[in-house]
1. For the Cα atoms of the chain, what angle does the longest principal axis make with the long axis of helix 25-57, in degrees from 0 to 90, nearest 10?
2. Let me see the P(r) profile for the chain: every Cα-Cα distance counted, bins of 10 Å, each bin given as a percent of all pairs.
3. Highest first, please rank the peptides 48-61, 26-39 by the mean number of other Cβ atoms sitting within 10 Å of their residues.
4. Any chance you could check the Cα centroid distance between the range 1-43 and the range 57-72 for me, in angstrom?
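Read-outs throughout are calculated quantities, based only on the coordinates presented, and are distinct from any laboratory measurement. Model, not experiment: these values are computed from the prediction. As a convention, Cβ positions derive from the backbone with ideal geometry for all residues, glycine included, and neighbour counts pool all protein chains shown.
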Amino acid sequence: MIHGNPFIWDYYIKDFATSFVQQNAFFFVLYTVASVACIYVLCSGIDFIRIKIFQLLRISSLSEKIEALVNSFLKIRQGS
């Protein structure tokens, strides 16, 4: 949900389509569909890069170790 982030919305997306309203119906629809497609491709590209960085840093195995540590701590706390 990159496009839903308040910073991204307020500074990049919020008013970029205001000029579309001044176009005729055909170009309004065309520009809107093209914009949605561009936002989707851009956000998917950013997410792909994020996934590759997480794989490179082995975030998944790190989060599994943290999860196991927290679970063992919680089991110890429940037992007493």
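1. 20
2. Percent of Cα pairs in each bin: 15, 26, 22, 16, 13, 7, 2, 0.
3. 26-39, 48-61
4. 38
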